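The values are calculated or read from the model by the stated rules, or taken from the named source; none is laboratory data. Only a predicted model underlies this, so the values are computations on that prediction, with no experimental measurement involved. A quick note on method: Cβ atoms are made from the backbone with ideal geometry, for glycine too, and the neighbour counts reach across all protein chains shown.
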Amino acid sequence: MSRQTLAEGLEFSGGDYGIAAVVAVIALIALVIGWLLLKEVLAAGQGTTKMQDIAKAVQEGAAAYLKRQRNTLSIFGVVVFLLLLALPAEDWNERIGRSLFFLVGAVFSFLIGYTGMWLATRANLRVAAASREPGGREKAMRAAFRTGGAVGMFTVGLGLFGAAVVVLVYTGQAPKVLEGFGFGAALIAMFMRVGGGIFTKAADVGADLVGKVEQNIPEDDPRNAATIADNVGDNVGDCAGMAADLFESYAVTLVAALILGSTAFGVDGLLFPLIVPAIGVITAVIGVYITRARSGENGLVTINRSFYISAAISAVLCAIAAFVYLPGSFAEFGADQAGIDGNPALIAFVAVIIGIVLAGVILKLTGYYTGTEHGPVKNVGDTSRTGAATVILSGISVGFESAVYTALVIGAAVFGAYLLGGTIALFAVALAGTGLLTTVGVIVAMDTFGPVSDNAQGIAEMSGEVDENAAQILTELDAVGNTTKAITKGIAIATAVLAATALFGSYQDSISKALADIGESAAGVKSFVDTIVSPNTLVGVIIGAAVVFLFSGLAVNAVSRAAGAVVYEVRRQFRDIPGIMEGTTRPEYGKVVDIVTRDSLRELATPGLLAVFAPIAVGFGLGTGALAGYLAGAIATGTLMAIFLANSGGAWDNAKKLVEDGHHGGKGSEAHAATVIGDTVGDPFKDTAGPAINPLIKVMNLVSVLIAPAVVQFSIGPDASAGVRIAISLVAVAIIIAAIVVSKRRASVMTETPSEDATPAKTA
């Protein structure tokens with residue numbers, strides 16, 4: 001087998017092509033299994049006519065939203081495609097491939113999101129119907145989890161297939177082409193996360209504030225005009241958004257591993273990161289099919305058991321792959337690595353194990369801070385007896401504390417892999433990321449389980465055609481789903497950190513290669529690199545941290561504006577349409593769906609422009625050292641912020657569930673009202689701003705990797721020009737400022753000026 005390093009030029013042997021082809025076939029098998037799981041879910045019973053009518057309204061609303069979102073994102077796709085064509089590359093083959101696979105990554109990301117939404121809006125009905133049947137708890141849980149399993153198979157299948165095809169077609173140029181693939185996946189995922197998050201939480205917050213707090217009616221009461229929009233939002237936010245998010249995590253982590261692997265191990269380093277997630281396909285299938293609820297067993301215990309079993313199988317198979325495929329010494333890679341100590345197979349295996357263990361630890365840690373059976377959520381529930389303020393304070397405390405421990409665990413994993421790798425330290429970090437990828441199939445299943453169960457409960461409550469036992473089953477599954485969603489958010493941010501750390505190394509490689517391409521002397525290179533240790537770097541760190549805060553603020557503010565419009569509209573309908581409270585008149589559900597659809601899509605541009613143009617402004621304006629600091633600040637702050645937002649929101653949500661189960665006075669009590677307000681605050685935390693930080697970090701890293709050669713070229717290359725650099729930076733800053741100003745001034749499409757007509761309706 002060929003053992004060349006990247007510097008010598010990668011050349012594939014017949015066996016190398018064979019391995020990549022086998023990986024591609026395994027990816028296609030994953031897609032087939034996903035299709036079989038989809039068919040199994042759709043074959044289940046669909047309940048009563050009334051339940052089907054409600055589900056159809058949700059399906060139509062979700063499809064209409066994603067169709068309009070697709071049209072909006074197409075504009076961004078064309079613009080970025082053209083910009084990538086303009087960036088430096090070795091030749092036009094690489095330049096065109098990078099741009100084309102940017103479109104492939106973007107289309108795959110959107111397709112995964114759309115598929116997740118499409119299936120979830122059909123599975124929710126079947127889960128609700130299954131709860132009414134004998135053995136309803138086991139049937140409902142099976143349907144919900146296998147829905148997620150289907151989406152998980154599509155996620156790993158498309159991600160692995162895309163990467164394998166690039167490697168087969170481009171071989172030595174694959175790492176650069178893969179930058180485009182990963183960037184397309186990350187950019188679309190960020191847009192879907194932001195847009196879907198604004199949609200779902202604007203509808204949810206508006207529905208809760210008027211329905212639960214003002215009218216004192218249940219969460220999914222059909223008299224609330226925002227209920228259909230709320231159920232639509234669960235799918236476009238939690239299913240479409242999270243599926244796209246996990247797909248881009250999968251794609252970007254693979255990209256980072258392949259870029260660094262080709263430098264560290266040559267051909268072997270390009271292929272081994274494909275073999276590891278291929279093993280993950282096998283273990284994901286096992287994990288999905290062994291998930292069976294036992295009588296009287298908590299659903300979370302069932303799901304966690306499947307996760308740990310599949311993770312253990314992954315560890316064993318990865319050990320076999322490492323020691324069979326990789327050599328036992330660096331000397332076998334060529335003369336330039338003959339002096340390096342260590343066993344490549346052992347290093348790769350341990351790095352992969354670090355990633356697998358990291359996933360398990362985060363599952364346990366996040367479950368502790370957000371599960372209803374553990375102390376933190378019980379404590380938040382206890383504080384409901386003294387009002388909403390103490391609920392909010394205790395939830396914030398949970399978020400802060402959990403962020404510290406989770407960040408330390410992620411940091412330990414990164415540092416452990418880094419120490420392990422020695423001269424190939426960053427590749428070891430990337431391999432830890434691929435180890436974590438072996439669990440992605442089950443992770444997607446866990447995540448989709450949450451919104452499907454939530455929607456099933458909504459359909460059951462709106463139809464009024466389930467008995468008390470079925471309602472209890474769906475309530476239990478919904479609470480389990482809240483925890484699984486929080487867990488997947490924790491694992492998603494872990495993949496973001498591992499991928500971003502590895503991409504940080506790719507950024508350094510891009511600078512070094514650009515310096516070599518312009519023929520800079522060793523002394524000149526040292527002088528250029530020394531500028532990294534300067535005040536500019538600290539300024540970059542501060543700006544990177546600030547961008548995370550600004551991004552989060554824009555997302556939460558967008559939810560606030562759109563939710564305000566929903567509140568006014570729902571109040572108007574209660575006030576102006578006779579018979580809604582008596583149940584004799586149907587609310588105008590479509591108007592609320594239209595409000596949140598238009599508002600969420602109009603809010604997409606500002607955070608997207610911020611993510612793309614902020615690194616450009618820093619890189620061209622302050623230099624490569626400042627851009628390195630910018631990435632470090634964004635990664636560190638983004639990690640803590642994402643975990644804080646996700647776990648605070650998860651704790652508030654499950655504290656509300658705890659009270660609704662009968663603790664501290666149960667539904668309708670003052671304690672319940674306090675937890676509803678806490679949950680309302682937490683909604684944009686955990687489902688809009690927090691999750692969107694994951695793709696934000698990776699988008700900014702990939703933009704930095706892509707522009708690094710141009711920054712070097714305009715800094716010290718033959719085309720060096722301070723004027724051009726400053727001009728590019730100022731244009732980027734102007735675009736960001738204009739987007740923020742427009743966002744701040746934007747009034748909701750349906751918001752009326754508060755007046756006497758906008759006062760809350762009387763409590764029923």
Return the residues of region 457-470 that are touching a residue at least 40 places away in the same chain (Cβ under 8 Å) and part of a helix (DSSP H, G or I); say none if nothing qualifies. Gln457, Gly458, Ile459, Ala460, Glu461, Met462, Ser463, Asn469, Ala470
Does region 205-214 contain at least one residue that is surrounded by fewer than 24 Cβ atoms within 10 Å (Cβ to Cβ) and farther than 22 Å from Lys686 by Cβ? yes
All positions within region 416-461 that are of a type in the set (Val, Ile, Thr) and over 19 Å from Ile303 (Cβ atoms): Thr423, Ile424, Val429, Thr434, Ile459
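Anything in region 628-683 that is hydroxyl-bearing (Ser, Thr, Tyr), more than 14 Å from Asn694 (Cα to Cα) and under 18 Å from the mean Cα position of the chain (by Cα)? List them, or say none. Don't jump to the end; show me each part of the working.
Here is the first cut: in region 628-683, the residues hydroxyl-bearing (Ser, Thr, Tyr) are 630, 637, 639, 648, 669, 675, 680.
With more than 14 Å from Asn694 (Cα to Cα) added as a condition, the list becomes 630, 648, 669, 675, 680.
Within region 628-683, Ser648 is the sole residue that qualifies.
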Considering only region 61-81, how many residues are closer than 15 Å to Val194 by Cβ, among the hydrophobic types (A, V, I, L, M, F, W, C) and surrounded by fewer than 18 Cβ atoms within 10 Å (Cβ to Cβ)? 0
Filter region 418-430 down to the residues that are in contact with a Gly (Cβ under 8 Å, 6 or more places away or on another chain) and under 13 Å from Leu346 (Cα atoms) and list them by number. Gly422, Ala428
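Suppose we filter region 369-427 for residues that are among the polar types (S, T, N, Q) and out of contact with any helix residue (DSSP H, G or I) (no Cβ under 7 Å at 6 or more places or on another chain); how many remain?
At the first step, the residues of region 369-427 found to be among the polar types (S, T, N, Q) are 370, 372, 379, 383-384, 386, 390, 394, 397, 402, 406, 423.
Checking which are out of contact with any helix residue (DSSP H, G or I) (no Cβ under 7 Å at 6 or more places or on another chain) leaves us with 386, 397, 423.
Of the residues in that region, 3 qualify.
Can you tell me which residue is surrounded by the most Cβ atoms within 10 Å (Cβ to Cβ) among those in region 286-321 that are over 16 Å from Val361 (Cα atoms) and polar (S, T, N, Q)? Before the answer, list the steps.
From region 286-321, those over 16 Å from Val361 (Cα atoms) are 286-299, 302, 313, 316-321; that's our starting set.
Within this subset, residues satisfying the condition of being polar (S, T, N, Q) are 291, 295, 298, 302.
Working: Thr291: 25, Ser295: 7, Asn298: 16, Thr302: 19.
Taking the candidates together, the pick is Thr291.
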Yes/no for Leu431 being of a type outside the set (Ser, Thr, Tyr), surrounded by fewer than 23 Cβ atoms within 10 Å (Cβ to Cβ) and in a helix (DSSP H, G or I): no
Failed item, numbered, when Phe272 is tested on (1) under 24 Å from the mean Cα position of the chain (by Cα); (2) surrounded by 24 or more Cβ atoms within 10 Å (Cβ to Cβ); (3) not in a loop (DSSP other than H, G, I, E, B): (1)
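Being at pLDDT below 90, in a helix (DSSP H, G or I), of a type in the set (A, V, I, L, M, F, W, C) and closer than 24 Å to Val593 by Cβ narrows it down to one residue among Leu73, Leu111, Leu85; which is it? Explain how you work it out, then say what you get.
Values: Leu111 fails: at pLDDT below 90; Leu85 fails: closer than 24 Å to Val593 by Cβ.
Testing whether each residue is at pLDDT below 90, in a helix (DSSP H, G or I), of a type in the set (A, V, I, L, M, F, W, C) and closer than 24 Å to Val593 by Cβ leaves just Leu73.
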